[in-house]
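Here the structure comes first, spelled out in structure tokens, and everything after it is commentary.
The values are calculated or read from the model by the stated rules, or taken from the named source; none is laboratory data. Since we're looking at a predicted model, the values are computed, not measured. Here the Cβ is made from the backbone with ideal geometry for all residues, glycine too, and neighbour counts use every protein chain on show.
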Amino acid sequence: MTGICDGRVVIVTGAGRGIGREHALELARQGAKVVVNDLGVSNSGEGGGQGPADEVVRAIRDLGGEAVANGADVADWEQTEALVQQAIGEFGRLDAVVNNAGFVRDRMFVSCSEEEWDAVIRVHLKGHFCVARHAAAYWRGLVKAGEHVDARIINTSSGAGVLGSVGQSSYSAAKAGIATLTIVQAAELGRYGITSNAICPIARTRMTEGAFGGAMKAPEKGFDENDPANVSPFVAWLASSQSRDITGRVWEVFGGTVTVFDGYRREQTMDIGKRWDAAELGPAVKELLSKAQPLVKVYGT
């Protein structure tokens, strides 16, 4: 198979099911050699097994592509170092990392336990750190050795991380951290030929079915807008050489729609040229907010 990712080697985490599976398949269709990582856990992070990853590898090979399975825990430092080395050992190089793995432990903030909080922050935020950190070290080493690098980090944030989501405080906090991590990666790693972008996918998966239930019904557009396969062409494009000038952006992808988030900006400012008196701040804040954009509704409100 050939396409816009022809010859590139890509790691996709959490690629045994859902959106990650579709990413792996689409990347293979576009000519990439894929390392299919999946721990095989449940939607809440329990259990485990490499079966889902092996199944996706077989599907890619049936399509005529090249793939290998990996069962690393994405938030384990040593295992993710071995994951990066597996890609290099199997295929001779690594060109992109798609950080997709994660699970949810939905709970209202006042009911969220420490264990639930730590588990979600670990798999999403530390999981994004570990895999990309080892990949970035490899790419930086190539640059220092005089080689050309055209590499990609593709992170998975969420509308919950950008706008918030009732009942998902830990997940929203982790995904917000990923969005900001993406911006910092782009600023720091560009000198090494590495871009970093984040996607906020909207699709029907194990994680979203619990949160949205029957609300996620496809509009009448002739195709299922909630199919996770709709997100993957954008990921394949980001993984390709065609996206080398795009970095530090957070994208929402849904059905046939792509949206770029504008992020936080300093829109309204009031400077009185001296230290504020606390009693003066009330009217000043009200004046600033009267000119500011209204808050976007949090999911679930």
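Descriptive notes on the structure:
- Residue in segment 218-229 that is assigned to a helix (DSSP H, G or I) and either modelled with pLDDT under 95 or out of contact with any strand residue (DSSP E or B) (no Cβ under 7 Å at 6 or more places or on another chain) (or both) present: yes
- Summed over segment 90-122, residues that are farther than 25 Å from Arg244 by Cβ and touching a Leu at 6+ places or on another chain (Cβ under 9 Å) total 1.
- The one condition in (1) surrounded by fewer than 24 Cβ atoms within 10 Å (Cβ to Cβ); (2) in contact (Cβ under 8 Å) with a residue 24 or more places away in the chain; (3) of a type in the set (D, E, K, R) that Arg152 fails to fulfil: (1)
- For segment 74-123, filtered to residues that are in a loop (DSSP other than H, G, I, E, B) and among the polar types (S, T, N, Q), the residue that is nearest to Asp150 (Cα to Cα) is Asn99.
- Scanning segment 100-141 for residues that are surrounded by 17 or more Cβ atoms within 10 Å (Cβ to Cβ), of a type in the set (A, V, I, L, M, F, W, C) and at pLDDT below 95 yields Phe103, Val104.
- When segment 230-284 is filtered for residues that are in a loop (DSSP other than H, G, I, E, B), within 16 Å of the chain's Cα centre (by Cα) and under 22 Å from Ala15 (Cα atoms), only Val231 remains.
- Candidates Ala75, Ala69 - the one that is surrounded by 17 or more Cβ atoms within 10 Å (Cβ to Cβ) and over 19 Å from the mean Cα position of the chain (by Cα): Ala69
- Pick from segment 164-199, criterion under 19 Å from Leu295 (Cα atoms) and in contact with a strand residue (DSSP E or B) (Cβ under 6 Å, 6 or more places away or on another chain), ranking: modelled with the lowest pLDDT: Ser165
- Answer residue from segment 217-274, given it is among the aromatic types (Phe, Trp, Tyr) and in contact (Cβ under 8 Å) with a residue 40 or more places away in the chain and is farthest from Glu287 (Cα to Cα) among those: Trp237
- Taken over segment 4-41, the residue count meeting the criterion of being of a type in the set (S, T, N, Q) and in contact with a Phe, Trp or Tyr (Cβ under 9 Å, 6 or more places away or on another chain) is 1.
- Odd one out for Arg265, checked against (1) more than 19 Å from Val162 (Cβ to Cβ); (2) at pLDDT below 90: (1)
- Pair list, Cβ under 6 Å, 6 or more apart: segment 180-208 residue closer than 19 Å to Arg105 by Cα and in a helix (DSSP H, G or I), other residue at pLDDT below 95 and among the polar types (S, T, N, Q): Arg206/Asn43
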